[in-house]
1. Is there a residue in the range 170-178 that is part of a loop (DSSP other than H, G, I, E, B), out of contact with any strand residue (DSSP E or B) (no Cβ under 7 Å at 6 or more places or on another chain) and not assigned by TED's automatic domain parsing to the domain that holds residue 343?
2. Could you please find all residues in the range 86-104 being under 15 Å from residue 171 (Cα atoms) and either surrounded by fewer than 19 Cβ atoms within 10 Å (Cβ to Cβ) or within 16 Å of the ligand (Cβ to nearest atom) (or both)?
3. Would you list the helices (runs of 4 or more DSSP H) that sit entirely within the range 235-309 and hold 1 or more residues that are within 16 Å of the ligand (Cβ to nearest atom) and either in contact (Cβ under 8 Å) with a residue 40 or more places away in the chain or surrounded by 19 or more Cβ atoms within 10 Å (Cβ to Cβ) (or both)?
4. Mind checking which strands (runs of 3 or more DSSP E) fall wholly inside the range 5-53 and carry at least 3 residues that are more than 19 Å from residue 179 (Cα to Cα) and within 16 Å of the ligand (Cβ to nearest atom)?
5. Within the range 21-49, track down each residue that is loosely packed, with under 15 Cβ neighbours inside 10 Å and at pLDDT 95 or above.
6. Give the residue that is nearest to residue 39 (Cα to Cα), with candidates limited to residues of the range 76-104 that are at pLDDT 95 or above and part of a loop (DSSP other than H, G, I, E, B).
7. For the range 156-176, indicate whether the set of residues that are within 27 Å of residue 332 (Cβ to Cβ) and more than 16 Å from the ligand (Cβ to nearest atom) is non-empty.
8. What's the number of the only condition in (1) within 16 Å of the ligand (Cβ to nearest atom); (2) surrounded by 15 or more Cβ atoms within 10 Å (Cβ to Cβ) that residue 218 fails to meet?
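The values are calculated or read from the model by the stated rules, or taken from the named source; none is laboratory data. On a predicted model such as this, the values are computed, not experimentally measured, just so you know. A quick note on method: Cβ atoms are made from the backbone with ideal geometry, for glycine too, and the neighbour counts reach across all protein chains shown.
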Ligand SMILES: [Zn+2]
């Protein structure tokens, strides 16, 4: 791990504060918006077009974020018009202000994958109704206590309150497209795992990757299973996407949505892959007998659970558990009380061979 870590070099040791911007490459400005979460910031990128600007991602809809955007509009973005807003993906910290920004810029195109725009629309719609019986069953079936089940609704509504109205139309991005903005051509890399159709942008000519959340510099992107798709295997999608990033040059400049821009793409991809491999092994070890996922989460993410991040820990644990099930290393069973249990496969070697 030490040698891989040594291969990661941050472009700056600090980050833009408040309304500051740092120039990352010719025509690319970096701004950093505050988030009211444990993960306390998101990076946004302002790219200089010949006649204006392209904005990538927005932050959450909060007064702090709006104030920074107002200052950016009065400052660097004041020269020339806004040409488009691009979304890496539809999570609240990336598109929370998308409708507001598109309006503010005079109705410019909103560039997004279809899946991410739709997923964000569904989240807005979903937060308007009470927690369904199915969601309650999902949470209690995986071993959440009644207080955790009860907190779901308020947490979901609080998060979704920072997801403002989305633009009502998109310019659709698809995997493999080439899109031009900021005076550069960018190849679109659509990948799953962290989100359904997350877009990253690769500029071969200048060796720059706008990575979004797919490749982060210090933390590992959240890979979770949520009530809407209980048997999803997002970790397989995520791990399956990593070779596509490793196929890019090792010395690419990587612009992640959280943390610091860096060089060392291959080393970082290797770290992210081995991080999940270790976690999978830890999880398999915890399945010494069939257990509910929340119990496994307490073993795997002890601190996060103690610090009140129980549902996030559950989502991550389920991603790893479903991955083990998909590879024949674990089995998913329904206990006599209706709870979902995960245990080691009775004959993992045979199943593993079958899976290969
Ligand atoms: Zn994010």
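1. no
2. Once the filter is applied, which keeps residues that are under 15 Å from residue 171 (Cα atoms) and either surrounded by fewer than 19 Cβ atoms within 10 Å (Cβ to Cβ) or within 16 Å of the ligand (Cβ to nearest atom) (or both), the range 86-104 yields 86, 87, 88, 89, 90, 95, 98.
3. Those helices (runs of 4 or more DSSP H) span 265-286.
4. Values: elements: 22-25, 28-34, 41-49.
In the range 5-53, 28-34, 41-49 are the strands (runs of 3 or more DSSP E) which contain 3 or more residues that are more than 19 Å from residue 179 (Cα to Cα) and within 16 Å of the ligand (Cβ to nearest atom).
5. If the condition is that a residue be loosely packed, with under 15 Cβ neighbours inside 10 Å and at pLDDT 95 or above, then 23, 26 are the ones that fit.
6. The residue in question is 91.
7. So far as the range 156-176 goes, yes, one or more of its residues are within 27 Å of residue 332 (Cβ to Cβ) and more than 16 Å from the ligand (Cβ to nearest atom).
8. So the condition that residue 218 fails would be (2).
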